[in-house]
Structures are given as structure tokens and as C-alpha cells.
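Asks: The structure follows.
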Amino acid sequence: MGDEVSVLIVDDSALMRNLIGRMVEATPGLVVAEKAMNGIFALQKIPRVNPDVIVLDLEMPEMNGIEFLKERKKQGITIPVVILSSIAARGAEITMEALALGASDFIQKPSGSVSEDIHTVKDTLVGMLLGYGGQHRRSQGKKLLAQSEYPKKDESKDRPKISGAPPEPAAFPAQIRKPGKTEIIAIGISTGGPDALRTVFAKLDANLAVPILVVQHMPPGFTNEFAKSLDRVCPLDVKEAEDGDAVQPGRILIAQGNKHLEVERAGLSPVVRLSDAPLVSGHRPSADVLFASVAMTYTNHALGVIMTGMGRDGAQQLGTIYKEGGMTLGQDEASAVVYGMPRVAWELGHVMEQVSLENMARKICDVAKTPR
């Protein structure tokens, strides 16, 4: 105990509490603060154990997840919450309600201790807990294990960066042509994305006349509700992308879970195409696939934006947008929940400017509206 990120696990299933508890205990930099079987017990334990992050089931007796989030808001508790979401039909809707009530992110519940999705769930959950919990610790002025202090055996290229000097970017690659007027905006984002996109989309100019395509890593079945929840806070139209949708000004299309999103010019007007092609950079949808397609179709009339997320999806092909003469932005380390994807892109020299989450909407609008 000490400088690790402490986790409160709230779930009425003993099996799930133990499963999540083992994932936490097996991860350097994380520690279980306490476990609770419903929202009432969780609220009683928070003042005593003061966790850095909460893992919350939504369906529990006496006080469920939604009720807990409402009470959390009322009591002014700022500890970040990651939702454990079931795959049931109503799961997506309730999960989006939870995000609207202040939960930071969600992950689909693993289907059991021997299920094949367990490793994927563990990697994603652990990244979220280190990211959100670490951000909360910093905001509270608490110490945090530096990356170098993790046991060596567990180091991986995808471990969220916690502290240290900002990396130096590589030299910019050469551009084939000078940037032209922005005709498309492509955004790649992962862990930390639901919150970050709400922040950015709420602040976009209502008169931004440039289409936006978004790859947010998210399981299938959730992206439609996610697009609807963003549409409620955004002055522009937001919808889940469907194959053949027109790419038009003032419209934001969100990639479907488990489908790659690309753009093609069909006759005069560009449309989006969805595909079941193999995973790229470990993902479907993949930001690399979107960026490559946008670079090919729009050359120097594209703006590529890479934001918070684990790993490196999008970092490589953001460089293609840049080389073709497009503009590129990356989220900065201080405001990213996980400075993974934007870090790799920055180190490759593919990001022209790093921007804070707070300023991202303004910067996107400024770049898109600048005549070139």
C-alpha cells in the first residue's frame, strides 16, 4: 500500500467481486481498497477507505448503480467511476444514462472466470483504473508510482504513462503538398473517450460546416446509444454511422462497434463504408483504418485528431494524413486519461500541435475554419 491507485469494487455478485479483485491485485500500481455488495455499503465505505477509483455494477439490490451515481453527485463525491455493463438489451441505454450522470467510462462484464474475453476485459479495465485513478490521485495532490517503479515483468508498451518528462517528438515527415481548406475531420479515441467526446462536442460551434467521422473503441451494441447521448449535448447532428451514409457538413458520424469505418467518393458526394475486415492495430473499428481512408480520399483537405487511449491505434496513419498535406492535432499528456495513442503519434512526429481537452473544440473549429 502507499502510492498505488486504490480501487473500490461494488457488485452484488461475490464471483464478480472476486474476479475483478484478482485482476486488480495482479496489476502493479493497483490495489483493492475495499469491496461492497451494493451502493449503500459503498457510500458507507467511501469516507473510510477514500478510494481513487470505483468499479460499479449497475444492477444491484437496495441501491443500484444509477441510484448510487445520483447520490454520489448529491454528496459532491468526485472519485471517478467505471461501470461494469451487462450485455442485456437495456444495458446500453442504462450505461449511457450512467455516463450522463457522471460515470467516466464503462466496460462490458466478463461472462465468467474462464471466458475467452477475460484477457481483453482485464487489459481494458486495468488501463481504465490506472488512467482514471491516477488522474484523480494527481488532482488530489497524492503521490503516484512512477512508471519506472512498476515491477519489470509487467512492463508493456501499452501501460498507461503515469509520470515523467514529456517525450520529444521526432522530426516531422515531409509533406507532399501544402495544407488546403479543411473538408473533413477524423477523430481517433479510446480509453477516456466517452467523457472527452462529451466535453469536446458540447463546445463545438453550431456553424461548423465540416463533417466529422469518429472511431471510438467501444463494443457493438453500445455505439448507437452513445451517438444519441452525444447528440443531446452537441449543437451538430450526431448519429451512429450506417453503410452508405452521406458525409455532409454539420454531421458527426460515430463508427459502429466491431465495424471498420472508411470514406469513399461515390460520384460527387462522399459516403461512409462499414466493413468486417480483420482487426487493425488490435481493433475494429480502427482509427488507423479511418485515418488512412481519409488521407487517401481527401489528401490535403483533412484534419486528423488523435485523443486519449491505450496503445497505438491511429498513431501510424495519422502520419499519412500529415504527409498528404493534411493538418493533425493530438491531445496533450496532462489532460489525457491515458496518454498512449497521442503519445506514440507525437513521438513519431505525426502531431503538429498538442492541445488540452479544454481547448480541443476551439482548436478544431479554428483549424477547420481557417481559409488556406
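The values are calculated or read from the model by the stated rules, or taken from the named source; none is laboratory data. Computed from a prediction, not measured in an experiment: that's the story for all the values here. With ideal geometry, Cβ positions are generated from the backbone for all residues, glycine too; neighbour counts draw on all protein chains shown.
Asks: Against the definition (assigned by TED's automatic domain parsing to the domain that holds residue 188 and over 19 Å from residue 194 (Cα atoms)), how does residue 326 come out, yes or no?
Replies: Yes.
Asks: Could you please find all residues in the stretch 13-70 being surrounded by fewer than 20 Cβ atoms within 10 Å (Cβ to Cβ), over 23 Å from residue 2 (Cβ atoms) and among the acidic types (Asp, Glu)?
Replies: The answer is 59, 62, 67.
Asks: If you don't mind, there's one more thing I want to ask. From the residues in the stretch 268-298 that are among the small types (Gly, Ala, Ser) and part of a loop (DSSP other than H, G, I, E, B), which one is nearest to residue 123 (Cα to Cα)?
Replies: Of everything passing the filter in the stretch 268-298, 282 is nearest to residue 123 (Cα to Cα).
Asks: Go through the stretch 26-41 and count every residue that is in a helix (DSSP H, G or I) and either β-branched (Val, Ile, Thr) or within 19 Å of residue 120 (Cβ to Cβ) (or both).
Replies: Selection size over the stretch 26-41: 1.
Asks: Tell me which of these residue 304 doesn't satisfy, since it passes every other one: (1) over 21 Å from the mean Cα position of the chain (by Cα); (2) crowded, with 24+ Cβ neighbours inside 10 Å.
Replies: Against the list (1) over 21 Å from the mean Cα position of the chain (by Cα); (2) crowded, with 24+ Cβ neighbours inside 10 Å, residue 304 comes up short only on (1).
Asks: Turning to a different aspect of this structure: State whether one or more residues within the stretch 225-235 are over 15 Å from the mean Cα position of the chain (by Cα), more than 13 Å from residue 96 (Cβ to Cβ), in the same structural domain as residue 312 (by TED's automatic domain parsing) and not in a helix (DSSP H, G or I).
Replies: yes
Asks: Here's a follow-up. State all residues of the stretch 189-203 that are at pLDDT 95 or above and either in the same structural domain as residue 103 (by TED's automatic domain parsing) or among the β-branched types (Val, Ile, Thr) (or both); if no residue qualifies, say none.
Replies: 189, 199, 200 - these are the residues of the stretch 189-203 that are at pLDDT 95 or above and either in the same structural domain as residue 103 (by TED's automatic domain parsing) or among the β-branched types (Val, Ile, Thr) (or both).
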